[in-house]
């Protein structure tokens, strides 16, 4: 005959043990959510930086080709076959901030038999197209704090870069891209107007 042991104790979780388990699960959940948010922010910043670099390189390539993307983007002139491609960066966290693209006529004016003046026609504000990648959660600042926006025109046939305001010309421009929700996440994109070199750097 099987006999039950007289001193057998029933085992169960105490209230304190349950509270400890719940606290550990809650802590792990919070850490997972925070890590996921960080990964999301890093991925968004990385994509925006890659987009800015790719946009610079694309307009540079288009300027070298001199192709016309849209017949309606420029005026009906004899210079239709050669086009300038431009990028406008509105700095800070104010209204209209972000990256814009544009296209304008390439103007070639013979000044003498030995040299000529070549430039790009300035793009009107309403003719810039905004890149949706740079939304209201992002901010771009420059090493030129005295400027609210910067315009860069890439000229054919070599994709040389010029500023729209030559009196403020400098060789190297750097842009810091960051998130308004996490200013510790930043990346830098630099543009060398002398050789057209475009680089990015993580901070």
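The values are calculated or read from the model by the stated rules, or taken from the named source; none is laboratory data. Predicted model only: the values in this text are computed from it and were never measured. Neighbour counts run over all protein chains shown; Cβ positions are idealised from the backbone, glycine included.
Here's the yes/no breakdown for (1) over 20 Å from the mean Cα position of the chain (by Cα); (2) at pLDDT below 85:
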residue	(1), (2)
5	yes, yes
17	yes, yes
24	yes, no
31	yes, yes
52	no, no
65	yes, yes
70	yes, yes
74	yes, yes
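Within segment 124-134, take every residue that is without any contact (Cβ under 8 Å) to a residue 40 or more places away in the chain and in contact with a strand residue (DSSP E or B) (Cβ under 8 Å, 6 or more places away or on another chain) and give me the one that is farthest from residue 92 (Cα to Cα).
Residues of segment 124-134 that are without any contact (Cβ under 8 Å) to a residue 40 or more places away in the chain, as a first pass: 124-126, 129-130, 132.
Right, trim to in contact with a strand residue (DSSP E or B) (Cβ under 8 Å, 6 or more places away or on another chain) and you get 129-130.
Values: 129: 18, 130: 15 Å.
Out of the qualifying residues, it is 129.
For segment 37-66, enumerate the residues that are surrounded by fewer than 15 Cβ atoms within 10 Å (Cβ to Cβ) and within 19 Å of residue 186 (Cα to Cα). Once the filter is applied, which keeps residues that are surrounded by fewer than 15 Cβ atoms within 10 Å (Cβ to Cβ) and within 19 Å of residue 186 (Cα to Cα), segment 37-66 yields 37, 38, 39, 40, 43, 47, 50, 54.
Taking the condition at pLDDT 75 or above, part of a strand (DSSP E or B) and surrounded by 11 or more Cβ atoms within 10 Å (Cβ to Cβ), does residue 123 pass? If you could, list the steps in order and put the result at the bottom.
Values: at pLDDT 75 or above: yes; part of a strand (DSSP E or B): no; surrounded by 11 or more Cβ atoms within 10 Å (Cβ to Cβ): yes.
Here the answer is no, as residue 123 does not meet what is asked.
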